[in-house]
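Engineer: Pasting a structure below so you can have a look.
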Amino acid sequence: MKPAVRTNIDCHTDLAARYSQVCSAIGAARKRISRPEGCVTLVAVSKTRSADEVRAVASLGQRDFGENQVQEAVDKIHLLADIALSWHFIGTIQSNKCRDIAANFDWVHSIDRFKIARRLSQMRPQSRGPLNLFLQVNLQEEQTKSGVTADNLEDLANSVLTLPHVRLCGLMAIPKPTTDFDTQRRVFRRLSELQDHLRSKGLPLDCLSMGMTDDMDAAIAEGATHVRIGTAIFGPRQ
Ligand SMILES: *Cc1c(COP(=O)(O)O)cnc(C)c1O
């Protein structure tokens, strides 16, 4: 009789197979446009996954993990403190969570207000070095989505640059879902152009956080340095 519940070993094998597929897909997308090895960091989005699942992916060599709920993340970070991992916060940020984010994370991808960036800088423990920040841009001006508009981006970037305990590293976006590759590319190109524009004004931005499970290839083609992948690694979320 077949077991009704899959064993841990099966799950782990699936995870390893999916993880290796994602790494190959990143390599293939990168080579397609002759970008150098190591230019794309895979952020494994482990929101809703257990610390054991994160540990299993870490054992395959993965180091960067992304979370969008502070308490859930902090619990996992403590459970996994014996492994040297980099933690990326990718969710909406409430003021009262800034202390926990500043103390526990290495990167924050979702900055869209100066007030939050300033709090994170104030609360960053000096022993940890500057917190790396991405500004989240609302590229398609969606009412329901967070992110700074393209019009307000330069002012926000200049303000964040004055903060002492954060490092402004680049821009991030979450486009509207579409399966059309050319549309995906066009939207990501817009983020890349905004980044080029800021660089032309002397702002030292070198990272672009864009691309999820369903639009990773288009993002890498347009210059993503950080792709945030959950489903393709861990399977569908509940
Ligand atoms: C959940 C999430 C992801 C990962 O999405 P998948 O489609 O599962 O790869 C990436 N970025 C953000 C901001 C997310 O919230």
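Engineer: Output the number of residues of the range 217-238 satisfying the condition of being of a type in the set (A, V, I, L, M, F, W, C), within 9 Å of the ligand (Cβ to nearest atom) and open to solvent by less than 20 Å² (accessible area, probe 1.4 Å).
Structural biologist: Total meeting the criteria: 4.
Engineer: Another question, then. If a residue has to be touching a residue at least 40 places away in the same chain (Cβ under 8 Å) and either among the β-branched types (Val, Ile, Thr) or under 17 Å from HIS88 (Cα atoms) (or both) to count, how many in the range 181-211 make the cut?
Structural biologist: Summing the residues that are touching a residue at least 40 places away in the same chain (Cβ under 8 Å) and either among the β-branched types (Val, Ile, Thr) or under 17 Å from HIS88 (Cα atoms) (or both) in the range 181-211 gives 3.
Engineer: Is there any pair linking a residue in the range 104-128 that is hydrophobic (A, V, I, L, M, F, W, C) to one that is part of a loop (DSSP other than H, G, I, E, B), with Cβ under 7 Å and at least six apart or on different chains, and which?
Structural biologist: ILE116/ILE93; ALA117/LEU163
Engineer: Could you tell me whether the range 78-94 includes any residue that is assigned to a helix (DSSP H, G or I), out of contact with any helix residue (DSSP H, G or I) (no Cβ under 8 Å at 6 or more places or on another chain) and not basic (Lys, Arg)?
Structural biologist: Among the residues of the range 78-94, at least one is assigned to a helix (DSSP H, G or I), out of contact with any helix residue (DSSP H, G or I) (no Cβ under 8 Å at 6 or more places or on another chain) and not basic (Lys, Arg), which makes the answer yes.
Engineer: Step by step: first the residues of the range 107-125, then only those that are open to solvent by less than 30 Å² (accessible area, probe 1.4 Å) and within 16 Å of the ligand (Cβ to nearest atom), then the one that is farthest from GLY170 (Cα to Cα). Which residue is that?
Structural biologist: Here the residue is ILE116.
Engineer: Of the numbered conditions (1) in a helix (DSSP H, G or I); (2) modelled with pLDDT under 95, ARG35 fails exactly one; give the number of that condition.
Structural biologist: For ARG35, the exception is condition (1).
Engineer: What tally of residues in the range 31-50 results from selecting those that are closer than 13 Å to HIS226 by Cβ and not aliphatic (A, V, I, L, M)?
Structural biologist: 3
So that you can scan it fast, the table gives a plain yes or no per residue for (1) under 23 Å from ALA219 (Cβ atoms); (2) crowded, with 20+ Cβ neighbours inside 10 Å; (3) touching a Cys at 6+ places or on another chain (Cβ under 6 Å):
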| site | (1), (2), (3) |
| --- | --- |
| GLU141 | yes, no, no |
| LYS145 | yes, no, no |
| SER159 | no, no, no |
| THR162 | no, no, no |
| MET172 | yes, yes, no |
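The values are calculated or read from the model by the stated rules, or taken from the named source; none is laboratory data. Just so it is clear, the model here is predicted, and its values are computed rather than measured. Methodologically, a virtual Cβ is constructed for each residue, glycine included, from the backbone with ideal geometry; neighbour enumeration extends over all protein chains shown. Accessible surface areas use protein heavy atoms only, side chains included; no ligands, DNA or RNA. Shrake-Rupley method; radii C 1.70, N 1.55, O 1.52, S 1.80 Å.
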